[in-house]
1. Pick out, from Phe78, Val399, Val227, the residue whose Cα sits farthest towards the positive end of the charge dipole of the chain, with +1 on the Cβ of Lys and Arg and -1 on the Cβ of Asp and Glu.
2. For Leu480, what is the net charge nearby, where nearby means another residue's Cβ is under 13 Å from its Cβ and Lys, Arg count +1, Asp, Glu -1?
3. Calculate for the chain the 222 nm mean residue ellipticity that helices alone would give, adding -39,500 (n - 2.57) per DSSP H run of length 4 or more and normalising by residue count, nearest 500 deg cm²/dmol.
4. For region 305-370, evaluate the Debye formula with one uniform point scatterer on each Cα (no solvent term) and list log10 I(q)/I(0) at q = 0.14 Å⁻¹, rounded to two decimals.
5. Starting at 0 and stepping by 5 Å, how many percent of the alpha carbon pairs of region 341-396 end up in each bin?
6. Can you work out the accessible area per residue across region 148-257, with the rest of the protein chains kept in place, probe 1.4 Å, in square angstrom?
7. With just the Cα atoms defining each centre, how far is region 283-329 from region 156-207? Give it in Å.
8. For region 370-446, which whole percent of the accessible surface, found with a 1.4 angstrom probe, sits on carbon and sulfur atoms?
Amino acid sequence: MWPSIRARGVQLAAASAVAGSLLTGCGGGGAAVWTLPNGDLAGTRAAAGSRIDAGNVGKLRVRWRFRFTAKPGFSGIFASNPVVDDDTVYVQDLRSNVFALDRATGALRWTRRYDARNDGPNGLAVADGRVYGATDSDAFALTAETGRELWRRHLTSVQEQFVDVAPVAWKGLVFLSTVGYPPSGRGAIYGLDAATGAVRWKFVTIERPWRRPRQAGGGGLWYPVSVDSAGRLYAGNSNPAPWGGTPELPNGASFPGAALYTDSLLVLDARSGRLLWYDQVTPHDVRDHDFQATPMLVGSMVIGAGKGGRVVAWDRDGRRRLWTATVGLHRKDRGPLPRNKVSVCPGLLGGVETPMAVANGRVFVPAVDLCVQESAITTPRLDSVDPARGTGLLASLDVSTGKRLWTRRFPSPDFGCATVANDVVFTSTFDGTLYGLAADDGRVLWQTKLRAGVNACPAVAGKQLFVGAGIPREGSVAELVALEPV
């Protein structure tokens, strides 16, 4: 799930009414399912109707385990969110392979193998008897019952080099995105016909061709969209590249100007792909500070965040910012970089890396404190950054004002999203620790150590909690784990 590392050998990656909208258009019905990557069309990651709460979270125990056996890559072997239908759990590993598991026992029902490396985050959606997903280059639909491939649509090209986002299904459409890298990459959002895979519309997330296409690239999504009841699609766009720069082209001179629409909230008509409005959070980003987290819809607001460690709330109808809050360490994180190296926080693998959650007037923000030496004339390699050097935190903000309510700090980076079940918020850290915190004050109600490190997101459906652990460590076992209160 390394934000910004998504292609083989590519170092200049282009980094990288809630209840009323729950499960709308998702198929599968009922409150005890989790059929979209972030749980619902509003992207809230709140488990409606869950039977897990503060009273029984301490009784969570492993019900079953499913082992991943493919060879891990840079991001391990599992970095996505499980999706859960009535009696089946669907997961995708980082070789793009799809597995359908019996929800009660974890027994394997079917497998669809693609063996296409994807450093994630990838993942699936299930709707109307189909499982939707993508490899590194192609979108696909499978029958939910057998895994038979129904269609496949090639999306990548010279200017759209990779796919690493989980799909969202809505009213006969499936939304996916490519990402762009230097040279000349310009990531795009797609609306595909859910029945056939035909391209119904395409929106290029970079406003116009790069002025220096041989050096520049960027844009596209690596976390899923959200959709409101009016048919408006909300997306968080990624950064321009290369970050930093070179002696000849310092401080992102290869992409002069604001570099629209990088690091922006994008709002499109979900039926046509037409741009309705946008707001750029970081113009001319030289630090790889994507604004990539899935925008969350709550009441009349939309709330987004990204690797810059800033959470921003807008009025969806008024199209104006309501508040901005910062989380985590901030050092040398605004404006031009100096020519000499300085410690930048958030660094390349810091800030809000993974999706937030919102419930009961609170926003839950997972974040990573990890600084990196950067300068105006250097472009540090992402694979030179050791995630284990960082620490993590989960912050709770007031949804109306952005005011900090509490912060819980962890000794390991939080690449594990936030997921809410009633009065409990779950998250997980790079060292393999899964936490259940009290939503009102952040105290630790329960925690357990999984058998591998975690950079994936937990799902809650009914009385079950599902999380994948896929980061190798000494003696580790990569697996999906299902837990229930006993």
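1. Phe78
2. +2
3. Working: 1 runs with 4 residues, N = 486.
Value at 222 nm, helices only: 0 deg cm²/dmol.
4. Reported log10 I(q)/I(0), two decimals: -0.49.
5. Answer for region 341-396: a P(r) of 5, 18, 24, 19, 13, 10, 6, 3, 1, 0 percent.
6. Here the per-residue accessible area is 34 Å².
7. 22
8. Carbon-and-sulfur percentage of accessible area, whole number: 47.
The values are calculated or read from the model by the stated rules, or taken from the named source; none is laboratory data. Just so it is clear, the structure is predicted and the values come from calculations on it, not from any experiment. Note that we place each Cβ from the backbone using ideal geometry, even for glycine, and neighbour counts take in every protein chain shown. Keep in mind that these areas ignore ligands, DNA and RNA; they rest on the heavy atoms of the full protein, side chains included. Shrake-Rupley method; radii C 1.70, N 1.55, O 1.52, S 1.80 Å.
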